[in-house]
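What follows draws every value from the coordinates through simple rules; no lab data is involved. Note that the structure is predicted; figures quoted are calculated from it, not measured.
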Amino acid sequence: MPKAKTSRSAAKRFKKTATGKLKRGKSSSSHKFTSKTRKQKRRLRKATVVSGADAKRMKRLLPD
C-alpha cells in the first residue's frame, strides 16, 4: 500500500500537541476588528484544541 500523503492545507492549519491532540487557530481573527470588543480580540489571539467530533477527521489528513 502506498504511503499516505499529508494534506498540505491541513498541515498549515493544525499542529499536534505532545499528547496527540490537535491545536488550531480561532476563526474571525483576520479583519473587521473595529466591530469587535477588546475582550473578543484578546481571546482570538490564543489557540484552542480541535473538538473531539472533528479531531478524528482532521487526524486522517495528517498521517504523521
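Percent relative contact order of the stretch 2-64, based on C-alpha pairs within less than 8 angstrom and at least six residues apart?
Numbers: 57 pairs, mean separation 27.6, N = 63.
Reported relative contact order: 44 percent.
Once Rh is set to the Kirkwood radius over Cα pairs, what Stokes-Einstein translational diffusion coefficient, in µm²/s, holds for the chain at a temperature of 10 °C and a viscosity of 1.306 mPa s?
Working: Rh = 13.5 Å.
My calculation gives 118 µm²/s for D.
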